[in-house]
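Q: Can you keep this structure in mind? I'll have questions shortly.
The values are calculated or read from the model by the stated rules, or taken from the named source; none is laboratory data. Remember, predicted model here, so these are calculated numbers, not experimental data. Heads up, the Cβs are rebuilt from the backbone with ideal geometry, glycines too, and the neighbour counts pull from every protein chain shown.
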Amino acid sequence: MELKKILITAPVHQKANIFIEYLNSLKNLIIPKGYIIKKYFYLHNCSDLISFLQPDEYEEFNDDSKYEFFNHNFEINNYKALQYMRSAALEKARKENFDYVFSVDSDILLHPKCLQFLLEDNKDIVGMINWFSSNTDKNIVLPNCYDMDYWKWWENNSILYTKGIYERGIISATVLLGKRIIENEKINYYALDNIECSQWEDYALSLKAHILIPDLTMYIDTRLPSRHLYKEKDYERWMMEKKEYE
Amino acid sequence: MKKILITAPVHQDAKIFKEYLWSLNRLEIPEGYKIERYFYLHNADNLKKFLKPNEYEVFKDNTEVKQSDITHIWTQENFSAVAQMRTKALEYARENNFDYIFSVDSDVILHKETLVDLLSREKDIISKIYWTAWNSEQPWIMMPNCYDGRNEKGQIKYKDGIKKYKIIGTYETGVTGAAILISSKIFNESLINYYPIKVLLTSYWEDYAFCVKCKCIFPEIKIYIDTIHPAKHLYRKEDYDNWIKEEKQLWN
């Protein structure tokens, strides 16, 4: 039987301690029978992470964009870089005939069975949920998915606390993309110039997928939430909890 | 001969519709082109008498557009009906091998050289400009029938303001409609339509949905607006009255 190929990928601009946790979580992933994975990262202005990877597991992308770490205030150059790196991953998957792209942001820690669950969901686009606190209001906890446009984000979220899979319009951070997405050459992460919010690259991909594949299936799986090391304190808390587990 | 389909969804006051047809009848048709007209009469049986039997079909539903003297109030049902009719026109043009669709809203009066202007620019999507005071209580705010895009709150945005559109020229824009010439390259793609996009709230504005889909499906194309010979928008009764009393004679 021919193995199905999954490309695990992310643009990476990350602190080394978090990247180590991230790679550990990927290493612990259970790969279901019949599948084979390949990891490939786009190191964005962070050559210091090369030492954690094999030579065939990365390429470097260096430009003059700057990140404000743990503040997540992005400038237009950051978005453009992300659009490029994520689109490059999709194109690589297309050219090298991958069956899936599993895009996992470099501050996400996955449950070991995450990939298995998402593959079983059998959708064009399916993400695993994570929750993070809003930049503007610490009391608001947000999921990595929403229905439409940015400002609808705050609605219809309570159902997501119940384990299941739910149809959603846009998903980010932990997303498994199927063959119909990979094979469509017009689907990418680049912005459309008549929609400002399409500079958010995940939004651009979702929008294009909805336009180009009218019967698209796009879901969020809430059964095995990922851990999002979004801010410094998230990392500290994770390290404390991890110690307790050990 | 290249074939152009002139079309519109029509729910209109009869006297405005007569002016509209007057303007279409005097349009100059460039050599090598022929036009056909096909209208979707939206709950507007009363307008049949102005058209030949092969120039229309009736589209009936339970919607109505409420018009006050200040502005027009649209419901989701209105938007949905208009999206359906405009999409039907795309399908009609595709099935009948037209080279262009010229979609002209039924309250827009065109300068007679409009079609000559637009065809000569050789664009896949290009509109003729007109200006509208959308709110009669603020008549000094005149806006063109185009914009660059919408922000995350769905608000209309102009990158460099609207002043440039007052100068004669052909300009790239992001979204336009109402007096728009569309080439067969666009409407022969069956994914192109006017229906809302699930993840874009304000795409119930059917022209917005259309332009976003065009940009997505044809990343290489640009959308233009042409500002020579502006059209006239008979948006409310006062516009019509002014048109009849004063402006029409200047157009003759």
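Q: Kindly check whether there is at least one residue in the range B:187-198 that is more than 9 Å from every other protein chain (Cβ to nearest Cβ), surrounded by fewer than 19 Cβ atoms within 10 Å (Cβ to Cβ) and under 21 Å from B:LEU118 (Cα atoms).
A: Yes: one or more hits.
Q: Which pairs turn up if I take residues in the range B:74-96 that are free of Cβ contacts under 8 Å to residues at least 24 places away in the same chain and look for partners that are surrounded by fewer than 22 Cβ atoms within 10 Å (Cβ to Cβ) and of a type outside the set (Ser, Thr, Tyr) with beta carbon separation below 7 Å, at least 6 apart in sequence or on another chain?
A: From the range B:74-96, the pairs are B:TRP74/B:VAL65; B:ASN78/B:VAL65.
Q: Can you find, within the range B:173-198, the residue that is nearest to A:GLN199 (Cα to Cα) among those that are free of Cβ contacts under 8 Å to residues at least 60 places away in the same chain and touching a strand residue (DSSP E or B) at 6+ places or on another chain (Cβ under 6 Å)?
A: The first filter runs over the range B:173-198 and keeps only residues free of Cβ contacts under 8 Å to residues at least 60 places away in the same chain, leaving B:173-176, B:189, B:191, B:197-198.
Going one step further and asking which of them are touching a strand residue (DSSP E or B) at 6+ places or on another chain (Cβ under 6 Å), we end up with B:173-176.
Numbers: B:THR173: 18, B:GLY174: 15, B:VAL175: 17, B:THR176: 21 Å.
If we take residues in the range B:173-198 being free of Cβ contacts under 8 Å to residues at least 60 places away in the same chain and touching a strand residue (DSSP E or B) at 6+ places or on another chain (Cβ under 6 Å), then B:GLY174 is nearest to A:GLN199 (Cα to Cα).
Q: Further, regarding this structure: Being within 13 Å of another protein chain (Cβ to nearest Cβ) and in a loop (DSSP other than H, G, I, E, B) narrows it down to one of B:GLU220, B:GLU172, so name that one.
A: Details: B:GLU172 fails: in a loop (DSSP other than H, G, I, E, B).
Being within 13 Å of another protein chain (Cβ to nearest Cβ) and in a loop (DSSP other than H, G, I, E, B) holds for just one of B:GLU220, B:GLU172, which is B:GLU220.
Q: Consider the range B:114-131. How many of its residues are farther than 20 Å from B:LYS164 by Cα and exposed (fewer than 15 other Cβ atoms within 10 Å of the Cβ)?
A: Narrowing the range B:114-131 to residues farther than 20 Å from B:LYS164 by Cα: B:115-116, B:119-120, B:122, B:124.
With exposed (fewer than 15 other Cβ atoms within 10 Å of the Cβ) added as a condition, the list becomes B:120, B:122.
Residues flagged as farther than 20 Å from B:LYS164 by Cα and exposed (fewer than 15 other Cβ atoms within 10 Å of the Cβ) within the range B:114-131 amount to 2.
Q: From B:ILE101, B:ILE125, B:ILE168, B:ILE129, which residue is under 21 Å from B:LEU250 (Cα atoms), touching a strand residue (DSSP E or B) at 6+ places or on another chain (Cβ under 7 Å) and in contact (Cβ under 8 Å) with a residue 60 or more places away in the chain? First the steps, then the outcome.
A: Working: B:ILE101 fails: under 21 Å from B:LEU250 (Cα atoms); B:ILE125 fails: under 21 Å from B:LEU250 (Cα atoms); B:ILE168 fails: touching a strand residue (DSSP E or B) at 6+ places or on another chain (Cβ under 7 Å).
Every option except B:ILE129 fails the conditions.
Residue-wise test of (1) modelled with pLDDT of 95 or more; (2) on the phi > 0 side of the Ramachandran plot; (3) more than 14 Å from chain B (Cβ to nearest Cβ).
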residue	(1), (2), (3)
A:LYS186	yes, no, no
A:TYR189	yes, no, no
A:ASP193	no, no, no
A:LEU207	yes, no, no
A:HIS210	yes, no, no
A:ASP215	yes, no, no
A:PRO225	yes, no, yes
A:LYS231	no, no, yes
A:GLU241	no, no, yes
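Q: Filtering the range B:132-161 down to residues that are crowded, with 17+ Cβ neighbours inside 10 Å and part of a strand (DSSP E or B), which residue is farthest from the other protein chains (Cβ to nearest Cβ)?
A: B:THR132
Q: Please give the number of the condition A:LEU176 fails out of (1) at pLDDT 95 or above; (2) away from chain B (no Cβ under 14 Å); (3) in a helix (DSSP H, G or I); (4) touching a Phe, Trp or Tyr at 6+ places or on another chain (Cβ under 7 Å).
A: If we test A:LEU176 against (1) at pLDDT 95 or above; (2) away from chain B (no Cβ under 14 Å); (3) in a helix (DSSP H, G or I); (4) touching a Phe, Trp or Tyr at 6+ places or on another chain (Cβ under 7 Å), just (3) comes out false.
Q: Yes or no: the range A:71-90 includes at least one residue that is part of a loop (DSSP other than H, G, I, E, B), in contact with a helix residue (DSSP H, G or I) (Cβ under 6 Å, 6 or more places away or on another chain) and either under 27 Å from A:GLU167 (Cβ atoms) or not aromatic (Phe, Trp, Tyr) (or both).
A: Let us first name the residues in the range A:71-90 that are part of a loop (DSSP other than H, G, I, E, B), namely A:71-72, A:74-75.
Checking the rest, the ones that are also in contact with a helix residue (DSSP H, G or I) (Cβ under 6 Å, 6 or more places away or on another chain) come to none.
The answer is no; no qualifying residue exists.
Q: Further question: Filter the range A:157-200 for residues that are acidic (Asp, Glu) and within 16 Å of A:VAL126 (Cα to Cα) and give the result. Give the derivation first.
A: Initially, the range A:157-200 is screened for residues acidic (Asp, Glu), giving A:167, A:183, A:185, A:193, A:196.
A:GLU167 - this is the single residue of the range A:157-200 that is acidic (Asp, Glu) and within 16 Å of A:VAL126 (Cα to Cα).
Q: Restrict the check to the range B:82-104 and report whether at least one residue is surrounded by 24 or more Cβ atoms within 10 Å (Cβ to Cβ), assigned to a loop (DSSP other than H, G, I, E, B) and under 17 Å from the mean Cα position of the chain (by Cα).
A: no
Q: Please work out if A:ILE37 is part of a strand (DSSP E or B) and surrounded by fewer than 19 Cβ atoms within 10 Å (Cβ to Cβ).
A: Yes, satisfied.
Q: Could you grab the pairs with beta carbons closer than 6 Å, sequence gap of 6+ or different chains, first residue in the range A:136-161 and away from chain B (no Cβ under 13 Å) and farther than 21 Å from A:ILE195 by Cα, second one at pLDDT 85 or above and part of a loop (DSSP other than H, G, I, E, B)?
A: Listed by first residue and then by second, the contacts come to A:PRO143/A:ILE129; A:LEU160/A:THR222.
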